[in-house]
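Peer 1: Here it is, the structure in full.
The values are calculated or read from the model by the stated rules, or taken from the named source; none is laboratory data. Values in this document were obtained by computation on a predicted structure and should not be read as measured data. Ideal geometry is used to build each Cβ from the backbone, glycine not excepted, and the neighbour counts take in all protein chains shown.
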Amino acid sequence: SLSDKLQNVFKKLRGKGRLSEADVKAALKEVKMALLEADVSFKVVKQFIKSVEARAIGQDVLNSLTPGQMVIKIVNEEMVSLMGSETTELKLNVGSAMTVIMMVGLQGAGKTTTSAKIAGKMKEKGKRPLLVACDVYRPAAVKQLQVNGEKQGVPVFSMGDRHNPVNIARAAIEHAEKNNNNIVILDTAGRLHIDEDMMAELQEIKGSVQVDQTVLVVDAMTGQDAVNAASMFQDKVGIDGVIITKLDGDTRGGAALSIRAVTGKPILYVGMGEKLSDLEQFYPDRMASRILGMGDVLTLIEKAEAQFDESQAKKLEQKMKKAEFDFNDYLEQLEQIKKMGGIGDMLNMLPGMGSKMKNVDIDESAMDRTKSIIYSMTPAERSNPDIINPSRKKRIAAGAGVDIAEVNRLMKQHEQSRKMMKQMAGMMGKAGKKGRFK
Ligand code: GDP
Ligand code: MG
């Protein structure tokens, strides 16, 4: 699936400590292929990759401590923006004014089901919806709407299949006015393919009654067809918003990514199942996380970025590489760990990492004792731990008010820490390599 493919690309990115421009370009090429395979439209993909690349190739990203994560974050942000950034509500006329909603889309997209789903939502909001059977072509279409309306406790207006949809729509609005219904949902007929008659009929309804919201229903499973349909409906009939159905299935996810960009219209809801309660508000950020398959990890990346001082960390990394890591650095590092809200927190967010680090015991009071021992050292001792002989140890212990054994332990820990921090530095570069990423 799209998520699997993207995660593979990201896994490789995170695995590298440093990224070159070529690394990023290669990764984005793979992202591009994955999106195209998932039926995101070509134009959209091209523009998307361009935006990501422009941001990702900058020196800020490449020189950052965690370039892999930064690139993933940019991909995520650009996806959110592609899908409209913000949640958009179906626009209803204010007060008691009637709102007429016309549902359009290809046959089988989910218009009838979604009409009933929306009616239920409106009823919950205290509105008085009326469902209208305008699909006079499909056998049993009227019956299907009646059954669904009944389930929702919402009245259904129908005139059988002997009238034309324009007349039905007119009569329905009159009926709604008389019966105090303030939402009228026109469930229109679709065709299997985009078809002049279908478009003409929808235009005719729109020309004959005041339609406030034209809502296009598309089936996520149909990928590029859904996107093509969306742009045709937008051209021929004009739409105000889109509902993507069947996102509960194993969809390729491409439709959600393209539709906003192709039509310029917001995604209002998503269908998440056949049940009439399975209609959810559309959240671009959640959808992006879902496509990237990485909810928790994004939170983790943000946390690490916000609190890990990059320049300090980099300096430290350099020192560790040269095996210069001394007690001054040790002190600095203790502060970093404290700032990050405890190392346990961090590790818990990385499934699979926790157990590995459990035996490295860092509780806060131990950290404070460690600090007081280091404070008792002379600057020379701190920057050159090798000179700390037994008599110096005795003096340090007395100064810190601890046992010599504890100073000895710290000396050993210092050695151990070098190893641990090496591991940590590595982990910052490949957060989440284990666990949810396979
Ligand atoms: P219409 O031809 O556009 O009116 O489509 P229908 O409302 O008749 O829906 C076609 C089929 O898709 C029906 O079997 C629905 O139950 C199913 N369906 C609609 N929306 C969803 C959805 O969000 N998830 C799933 N799994 N099935 C859906
Ligand atoms: Mg239908």
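Peer 1: Return the pairs, sorted by first residue and then second, in which the second residue is within 8 Å of ligand 2 (Cβ to nearest atom) and in a helix (DSSP H, G or I), the first residue lies in the range 110-124 and is farther than 15 Å from E89 by Cα and in contact (Cβ under 8 Å) with a residue 24 or more places away in the chain, the beta carbons are less than 6 Å apart, and the residues are 6+ apart or on different chains.
Peer 2: Sorted first by the residue in the range 110-124, then by its partner, the pairs are T112/Q144; T112/L145.
Peer 1: Okay, next question. Residues K111, K43, K117: which one is away from ligand 2 (no atom under 16 Å from the Cβ) and of a type in the set (K, R)? Can you show your working first?
Peer 2: Values: K111 fails: away from ligand 2 (no atom under 16 Å from the Cβ); K117 fails: away from ligand 2 (no atom under 16 Å from the Cβ).
After ruling out the rest, the residue left standing is K43.
Peer 1: Run down K151, K121, K178 and say which single residue is surrounded by fewer than 15 Cβ atoms within 10 Å (Cβ to Cβ) and farther than 18 Å from Q210 by Cβ.
Peer 2: Numbers: K121 fails: surrounded by fewer than 15 Cβ atoms within 10 Å (Cβ to Cβ); K178 fails: farther than 18 Å from Q210 by Cβ.
Going through K151, K121, K178 in turn, the sole match is K151.
Peer 1: Taking R138 as meeting all but one of (1) within 10 Å of ligand 1 (Cβ to nearest atom); (2) crowded, with 17+ Cβ neighbours inside 10 Å; (3) among the charged types (D, E, K, R), write down the number of the exception.
Peer 2: Just one mismatch for R138, condition (2).
Peer 1: Filter the helices (runs of 4 or more DSSP H) completely within the range 370-438 down to those with at least 3 residues that are surrounded by 19 or more Cβ atoms within 10 Å (Cβ to Cβ) and either modelled with pLDDT under 65 or among the acidic types (D, E) (or both). Outline the logic, then answer.
Peer 2: Details: elements: 379-383, 390-400, 404-429.
It comes to 404-429.
Peer 1: If you take the residues of the range 120-168 that are of a type in the set (G, A, S) and within 15 Å of ligand 2 (Cβ to nearest atom), which of them is farthest from G241 (Cα to Cα)? I'd like the intermediate steps shown before the answer.
Peer 2: Step one: filter the range 120-168 for residues of a type in the set (G, A, S), giving 120, 126, 133, 140-141, 149, 153, 158, 160.
Of the ones still in play, those that are also within 15 Å of ligand 2 (Cβ to nearest atom) are 133, 140-141, 149, 158.
Details: A133: 21, A140: 27, A141: 24, G149: 23, S158: 25 Å.
Here the answer is A140.
Residue-wise test of (1) at pLDDT 90 or above; (2) in the same structural domain as R128 (by TED's automatic domain parsing); (3) touching a Gly at 6+ places or on another chain (Cβ under 6 Å).
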{"site": "F10", "(1), (2), (3)": "no, no, no"}
{"site": "L13", "(1), (2), (3)": "no, no, yes"}
{"site": "A22", "(1), (2), (3)": "no, no, no"}
{"site": "F42", "(1), (2), (3)": "no, no, no"}
{"site": "Q59", "(1), (2), (3)": "no, no, no"}
{"site": "E78", "(1), (2), (3)": "yes, no, no"}
{"site": "K91", "(1), (2), (3)": "yes, no, no"}
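Peer 1: Tell me the residue from S20, S96, S85 that is surrounded by fewer than 16 Cβ atoms within 10 Å (Cβ to Cβ), more than 21 Å from the chain's Cα centre (by Cα) and under 30 Å from D212 (Cα atoms), please. Steps first, answer last, please.
Peer 2: Working: S20 fails: under 30 Å from D212 (Cα atoms); S85 fails: more than 21 Å from the chain's Cα centre (by Cα).
Being surrounded by fewer than 16 Cβ atoms within 10 Å (Cβ to Cβ), more than 21 Å from the chain's Cα centre (by Cα) and under 30 Å from D212 (Cα atoms) holds for just one of S20, S96, S85, which is S96.
Peer 1: If you go through the range 101-116 one residue at a time, do you hit one that is away from ligand 1 (no atom under 12 Å from the Cβ) and of a type outside the set (A, V, I, L, M, F, W, C)? If you could, list the steps in order and put the result at the bottom.
Peer 2: Quick first cut of the range 101-116, residues away from ligand 1 (no atom under 12 Å from the Cβ) only: 101-102.
Checking which are of a type outside the set (A, V, I, L, M, F, W, C) leaves us with none.
Checking the range 101-116: not a single residue is away from ligand 1 (no atom under 12 Å from the Cβ) and of a type outside the set (A, V, I, L, M, F, W, C).
Peer 1: I need the full set of residues from the range 220-269 which are part of a strand (DSSP E or B) and in contact (Cβ under 8 Å) with a residue 40 or more places away in the chain, in order please. Explain how you work it out, then say what you get.
Peer 2: The first filter runs over the range 220-269 and keeps only residues part of a strand (DSSP E or B), leaving 241-245, 267-269.
Result: G241, I243, T245, I267, L268, Y269.
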